[in-house]
Structures are given as C-alpha cells and as structure tokens.
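Read-outs throughout are calculated quantities, based only on the coordinates presented, and are distinct from any laboratory measurement. In this text the structure is predicted, and so the values were computed from the model without any measurement. Cβ: placed from backbone, ideal geometry, glycine included. Neighbour counts: every protein chain shown.
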Amino acid sequence: MSDIDDFGLLPFTAVLRLDQDDVRRDLVKRGVVLWLPPVDIAEEKHNERTRSPGCGVLDGSDGYPVMEGMFRHPILVIDRPEATPNKVLFCLMTSFRGQTLERRFAREQFRIDDYVPVQPSSPHPRVAQGDRDYRTLTLKRNVVVEKAGYVQINKVYIVDIRDAQRYWAPRPAGSNQYCEFGKKHVDRVLRLVRDSTGFRASTRQHQTTLTERVGGNIQRLRRWRVWKGLEFTVTTIAFMLLAPVWRFGVLGYVAYDMVVQIDE
C-alpha cells in the first residue's frame, strides 16, 4: 500500500471543477500547488498530445522517480527551469488520511523528518528542538486546506504541466485563485529538499511570456462565460419549475376574490 493518499479536495473543488483540465501557464511558478489527476487520465492526455503511446508520464525517462502513488494528489511546484518551461519539478503533498506524523510513522520515527506540515496540521516535532525550517507551512491569502497535510521533501518528481490540473483555492480567498505558498515558505522547503536529496533548483526560472498571458486571459474569459451560462440555465430551470406554482397561485387568488365579491 502506498504511503501517499488523497490530500482532500478543497470545498469549492468538491462542488464543481470547471475547466479542471486547464492549467493557466501564466500562473505556474515556484510555490504554486497543482493537481495530478488519476494516472489513466494523465497517460491519456500525455499520449494524445505527444502521439506516442507507451512513452507516457510513467516512463521515467527524465531520470526522476516515478510511481502511480504520486497521482491523485496535490503537488508543490519547486522548480520551473527557463530551459524547459513545459516541465515542473515538484514535491508531493499528502494527508495520510488524517493521521499525524507520529501516528503514521509510529514504528519508523526516522521517516518523520521526510515531511513538513501544512496548516492546519500540528507542529513538527523538530520545531520543539529548535529547527525552524520545519515550521508549519501556510498558503498565501490566508487560504487553509480542508485537511491537515504534509509536503514530502525526500523525493523530487517531474511532470509536464500539460499533464497536470488546476488546484482550486477555497473561498473566501476566491474561486479564481491558485493555491500558492509564499517565497519564504518555498525557500525553507528548498533547503530541506537540498539537504535530503542534494537537489538544487535552477537559478534561472521561466518568466511568463506574452503568449502565456494572452492564453491565461482567454481561459479566464471562457470560464466566466461558462459560469454565466450555468447561471442563466439555473435561472431558467427555476422559472420553469416555479411558473406553474405562480400561475395556480394567481388563479386561486382571483377565484377567491370573485367568490368573496359574490358573497358580498
């Protein structure tokens, strides 16, 4: 059984995930949280795009670890090199099905140091020993995820951002926002990853291009139009359902008024 499990979808995501396959490339950068879909969906998207079945997201050709357990999880982007803007390197995020680190690794205490807690998780035991790098991570804009969870720092993975999906921020932060960690929090994660794996992030990160900005605005406009369409549809259905009730109510009132006038 894999150590990795579902981190828990955010409340807004659980209701409806419009354009869930669309990652806005203009917003993907170090510190952003994305979502890895189930492996069969990721493989299908990858093979459709590359037209090369059998050479998908699980082939391990990039030299980084690959496992099916890394899918159906949020991921923390720690590197988007300028030389390969379509690829992001990331750390997995997991909730361990609500278990604390102490309980999850009761028989393997040494593995506790492979994870950094994310709010609202309880503090890491190393913090009490004075290790400030293990302080609990918090998302920007006061966003708090639905479950306590952790960032895995002892492995670095890689994925094409076109094989990933968007990870929604819950309200009140706004449904159109990405979950994102601030620079200080990401820098702490990078230090821990470097000490654990030797990985060093690229000094030259990809800079958003004009094409990506235009594409991002088109995606946002399309999503707005979808929401407006849904709003119109819901309003129309509600009217169709309530119209008969309203008509019978009016007719009933008119009939009652006529009876009253006749009695008078």
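Here the Karplus relation 6.51 cos²θ - 1.76 cosθ + 1.60, evaluated at θ = phi - 60°, turns the backbone of segment 94-111 into coupling constants of 8, 10, 6, 6, x, 7, 6, 4, 4, 6, 5, 10, 4, 9, 9, 4, 5, 7 Hz, with x for every Gly and Pro.
I need to check one value: relative contact order of segment 74-178, counting alpha carbon pairs closer than 8 Å and at least 6 residues apart, in percent. Could you put the intermediate results ahead of the total?
Details: 165 pairs, mean separation 31.9, N = 105.
Once normalised by length, the contact order is 30 percent.
Ordering Met93, Met67 from the fewest to the most neighbouring beta carbons within 10 Å gives Met67, Met93. Structure note, pairs Lys45/Lys183; Lys29/Lys184; Lys29/Lys140; Lys155/Lys184; Lys45/Lys140: Cα-Cα distances above 23 angstrom occur for Lys45/Lys183; Lys45/Lys140. Approximating the spin labels as points 7 Å out from Cα along Cα→Cβ, the Glu146-to-Leu210 distance works out to 4.2 nm.
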